[in-house]
1. What residue, of Asp148, Asp138, is of a type outside the set (Phe, Trp, Tyr) and over 16 Å from the mean Cα position of the chain (by Cα)?
2. Can you tell me which residue among Gly154, Gly168 is within 11 Å of the ligand (Cβ to nearest atom) and small (Gly, Ala, Ser)?
3. Check Leu47 against each of (1) in a loop (DSSP other than H, G, I, E, B); (2) of a type outside the set (Ser, Thr, Tyr); (3) touching a residue at least 24 places away in the same chain (Cβ under 8 Å) and name the one condition it does not meet.
4. Identify, from the list Glu123, Glu134, the residue that is over 17 Å from Leu3 (Cβ atoms) and within 16 Å of the ligand (Cβ to nearest atom).
5. Taking only the stretch 108-136 into account, find how many residues are farther than 10 Å from Gly62 by Cα, hydrophobic (A, V, I, L, M, F, W, C), open to solvent by less than 80 Å² (accessible area, probe 1.4 Å) and touching a strand residue (DSSP E or B) at 6+ places or on another chain (Cβ under 9 Å).
6. Kindly provide the set of residues from the stretch 12-35 that are open to solvent by less than 50 Å² (accessible area, probe 1.4 Å), touching a residue at least 60 places away in the same chain (Cβ under 8 Å) and out of contact with any Leu (no Cβ under 6 Å at 6 or more places or on another chain), ordered by number.
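The values are calculated or read from the model by the stated rules, or taken from the named source; none is laboratory data. Predicted, not measured: the structure shown is a model, and the values here were computed from it. Ideal geometry is used to build each Cβ from the backbone, glycine not excepted, and the neighbour counts take in all protein chains shown. Please note that ligands, DNA and RNA were not included when accessible areas were found on the heavy atoms of the full protein model with its side chains. Shrake-Rupley method; radii C 1.70, N 1.55, O 1.52, S 1.80 Å.
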Amino acid sequence: MNLVLASASPRRRQLLTDLGIPFTVIPSDFSEEGVDDLAPEAQAMTLARGKAQWVCHRVSDGIVLGADTIVVVDDDVLGKPKTPDHAREMLKGLAGRTHRVITGLALFHVNEGRIVKETSGYEETQVHFRALTEEDIDRYVATGDCLDKAGAYGIQGLAALLVEGLEGDYFNVVGLPLVRLDKLLRQWGISLMMLGTEGNKSATTPA
Ligand SMILES: Cc1cn([C@H]2C[C@H](O)[C@@H](COP(=O)(O)OP(=O)(O)OP(=O)(O)O)O2)c(=O)[nH]c1=O
């Protein structure tokens, strides 16, 4: 089974690699705009669908996976910060509070160049941030680790120190909710366990 990850995110790639799942990557050039009027969950799923669909047209057979992660605090949807000042502003808004991280997922099954079925869903995790000083924020922003991440932080790096705790799937915060993905695949009779163990088998088979 040819799994195609429609994402440039190194985190998503790493999570699938850690499970021993074979996949190929075709980053999507889909423009992430025009969804502001939708509810946050619908925004994340619409963008995930758009990314996957863009890649579908470049695949003849397989399952194409798109994902989009956003941070929601009050009614504000935070994507990736545009500048260090923008990152600083986002982190000030998250400090000492709880926010939601939502990742939309979309799967398209492509057969002989045609989309035969599709499904989508999302996962939500509540993340509690510690109170942060200006110095904490300045030091973190200076690492540059915040610029390519929704909400201006990466929980898998130094920003682990900014987080008091969370409720829900940690992997969802990193950008790929593994159990939600598994549940979507199981609608089609496929599981991540199946893909991971098949991957390991071929990895250990002598050439
Ligand atoms: C909150 C949070 C986000 N992120 C990342 C996951 C996503 O890569 C990124 C959100 O941006 P996305 O637009 O979801 O993804 P992307 O632009 O990195 O990749 P692509 O569109 O090609 O799929 O933020 C972390 O790595 N750690 C975190 O703690």
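1. Asp138
2. Every option except Gly154 fails the conditions.
3. (1)
4. On inspection, the qualifying residue turns out to be Glu123.
5. 2
6. Leu16, Gly20
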